[in-house]
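The values are calculated or read from the model by the stated rules, or taken from the named source; none is laboratory data. Treat the numbers as computed from the prediction; the structure is a model and nothing was measured. Cβ atoms come from the backbone with ideal geometry, glycine included; neighbour counts cover every protein chain shown. Each accessible area value is taken on the protein alone, full model and side chains, heavy atoms only, with ligands, DNA and RNA left out. Shrake-Rupley method; radii C 1.70, N 1.55, O 1.52, S 1.80 Å.
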Amino acid sequence: MRSKRRVTAALGAAALVLSSTMPAAVRAQDWEYVSPSYQRQGQLSAPQLASANVIKHVVVIFQENVSFDHYFATYPNARNLAGESTFVAAPGTPDVNGLTPDLIAFNPNSTKPFRLSRAQAATCDQDHDYGPEQLAFDFGLMDKFPQNTGVGAPGCPDYGKGKGLVMGYYDGSTVTGLWNYVQSYAMSDNFYDTDFGPSTPGAINLISGQTHGASADPGVVVDGTVISDDDPAGDKCSGSSTFSMTGKNVGDLLNAKGITWGWFEGGFDLAIENPNGTTGCKRSHTSEVFTTPKVDYIPHHEPFQYYPQTANPLHKRPTSVAMIGKTDQANHQYDINDFFAAVNNGNMPAVSYLKASGYQDGHAGYSSPLDEQTFLVNTINFLQARPEWASTAILITWDDSDGWYDHQMGPIVSHSQIAQDALSGPGMCGTNAAINVQGRCGYGPRIPALAISAFSKVNFVDHTTTDQTSILRFVEDTFGLGRIGGGSFDAKAGSLNNMFDFKNPNPWKLLLDPTTGMVM
C-alpha cells in the first residue's frame, strides 16, 4: 500500500436502459426509447438538508473536453513505465465501468483502444459536434468513432494513428493527480454531458440546464436551441458571430437569495499584461507541451455572458477585493486571479465556478493533461490550506467529451428530430415526436465527475446516473434556491449526494505535487 501524507485539519426510471456492464457491440434492436414521464418534487430530502447544513462553499472546476474512458479507462491499474509518474492503487480500491481486456481486444471500432503515454500528452483536438458525436454512437453500438469524431495530423501529433487517435486513453502514469484524488475522495463513472455537442451547450447546461431560448444564428442555434459554439453577444472579446440567451440561470437564483457567487475565468481581466507582453483580449500563455500560445480568455466558455442579466460585457473590474462575490459593476464575472484574491482576503464566495486559462483547461490541441494537472493540483492544494476547507465541496467535471471514445452509452432522456440529429437514423434522436423543444438530444457522452471535500466518501465510485445539471441541482439544494423552471433539466437531474457522507467528515487532506501528480 502506498503511503499517504495526511495532514490533520479541523431519474426516476431511465429513458433508455443500458446495463452498466453491457458490451459496446449491442444490437440496435436490443434497446428502445421511452419518453421520460417522471418529475422530481421540490421538497428537499434528508441528505439534501444535510448538505445544506454542512457545506457553506461550493467550488465547481469546469475543465475542457474529456470523455470518461479517455482518463479513467483502466482505473485503478496503471502501467507505470520508466520516466512516468507512479500510481499504485490502495487495497480494496473499487473498479469502474471502464475498458475490460476483452473490450480492448475485440473492440468494434476500426482502431482498438490504446494507451497514450505521458510523453504523448500533446494530441490533436477531436471532432465533438452535435451530429458527429451521435453518428459515432451508431444506434448505441459505439463503433463509429474514428469515422465520425476522429481527427489526426497535420496540425498536431496523432502518433501515427490518424483518425484512430480518438480511441486513445491515458492512465494513472499521466493523469496521476486525478487518479490520486479518486483514491482519497469520490468519483462518478455514470455521469454524462447533458446534451450531445461541444463546449457552449455544456457550459450553458451547467448554469441553467436549458440550451433553448437562444437568438437565431443558423448552424449554431437550431429552432432556438444551441447545438454548437459561438461567442456571447456584446462581450468585448467576442468574434463577429454571436448569440444571447433568454431565461434564468443559477446566478438569478443566487442573487434572489443574496448569496455570494462568481464565475472566475482566466484572462477576464483585460488590464493585466502577461509575461510574454500580451494584454487585453489577446492575453496568452503557452502550455508545457505545446509550442503555440493560446489566448487565456475564450468567450464561448463563459456561460453567464450569454445572459444579459448576469453578463459583464465590458469586463469591468470589481470595485474592491471585498466586493468579489457581491453585486457591483463586475456583476459576478471575474478573472481567475480574483478568486484567489477573494479567498485570501477572507471573503470566499459561497458558490464559485473556476475556468482555467486556455493553456491549462485540458483542451486537446492547445492544452494537455499535464497542463491541466498543474492548475487542478495548485488550486486544490490552495483550498485545502484554507480554514474554509472544512465546509467546502469541490466538484470537478468537463464541458464535453471532445469526441474521445467512450464505450458506455447513457440514458436518452430527451428526444429530438432536427436535421443535425443522427443517433437513431437521419434526423432522429429517438422516436418521440411529442416534445416541445428540439435540438436537445441527450444525455450525451459520458464524462468524468469528481467530488473532493472533507465530506466526500473515501476511495468511492458512484454509479448513480447523473449529468452536468446534477451540479446545478447540488448548488440549488445546498443553498435552498429552488429550481430554474422553464424546462430546465435540473428537474430531471440525478443527485450527487451518494458521493458524500455528510455525517462523517474526513479529518485529513491530500497534498499532491502539481508536476508529477504524486503524493507529497
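Some points to look at:
- Selection of the range 328-362 for residues being open to solvent by 10 Å² or more (accessible area, probe 1.4 Å), of a type in the set (S, T, N, Q) and either under 16 Å from Leu314 (Cα atoms) or over 24 Å from the mean Cα position of the chain (by Cα) (or both) yields Gln329, Asn331, Asn344, Asn345, Asn347.
- Filtered residues of the range 231-250 (kept if in contact with a helix residue (DSSP H, G or I) (Cβ under 6 Å, 6 or more places away or on another chain) and either modelled with pLDDT under 95 or open to solvent by less than 20 Å² (accessible area, probe 1.4 Å) (or both)): Pro232, Asp235, Met245, Asn249, Val250
- Of the residues making up the range 390-445, just one is within 22 Å of the chain's Cα centre (by Cα), more than 30 Å from Leu116 (Cα to Cα) and surrounded by fewer than 24 Cβ atoms within 10 Å (Cβ to Cβ), namely Thr392.
- When Ala214 is tested against the conditions (1) over 20 Å from the mean Cα position of the chain (by Cα); (2) closer than 20 Å to Arg446 by Cβ, the lone failure is (2).
- In the range 465-497, the residues that are polar (S, T, N, Q) and outside any strand (DSSP E or B): Thr465, Gln468, Thr469, Ser470, Thr478, Ser488, Ser495, Asn497
- Wholly enclosed helices (runs of 4 or more DSSP H) of the range 74-160 bearing at least 3 residues more than 30 Å from Ser416 (Cα to Cα) and at pLDDT 95 or above: 101-105
- The lone exception for Asp69 - which of (1) open to solvent by less than 10 Å² (accessible area, probe 1.4 Å); (2) farther than 24 Å from Thr379 by Cβ; (3) in a loop (DSSP other than H, G, I, E, B) it fails: (3)
- So Ala9, is it of a type in the set (Gly, Ala, Ser), farther than 29 Å from Phe489 by Cβ, modelled with pLDDT under 50 and open to solvent by less than 70 Å² (accessible area, probe 1.4 Å): yes
- Where Phe145 falls short, out of the listed (1) within 25 Å of Ser368 (Cβ to Cβ); (2) surrounded by fewer than 24 Cβ atoms within 10 Å (Cβ to Cβ); (3) of a type in the set (A, V, I, L, M, F, W, C): (2)
- Checking Lys112 against (1) farther than 28 Å from Ser228 by Cα; (2) open to solvent by 40 Å² or more (accessible area, probe 1.4 Å); (3) touching a Pro at 6+ places or on another chain (Cβ under 6 Å), the condition it does not meet: (3)
- Every residue from the range 252-281 that is over 17 Å from His315 (Cα atoms) and within 22 Å of the chain's Cα centre (by Cα): Asp252, Leu253, Leu254
- Filter result (surrounded by fewer than 24 Cβ atoms within 10 Å (Cβ to Cβ) and assigned to a strand (DSSP E or B)) within the range 176-218: His212
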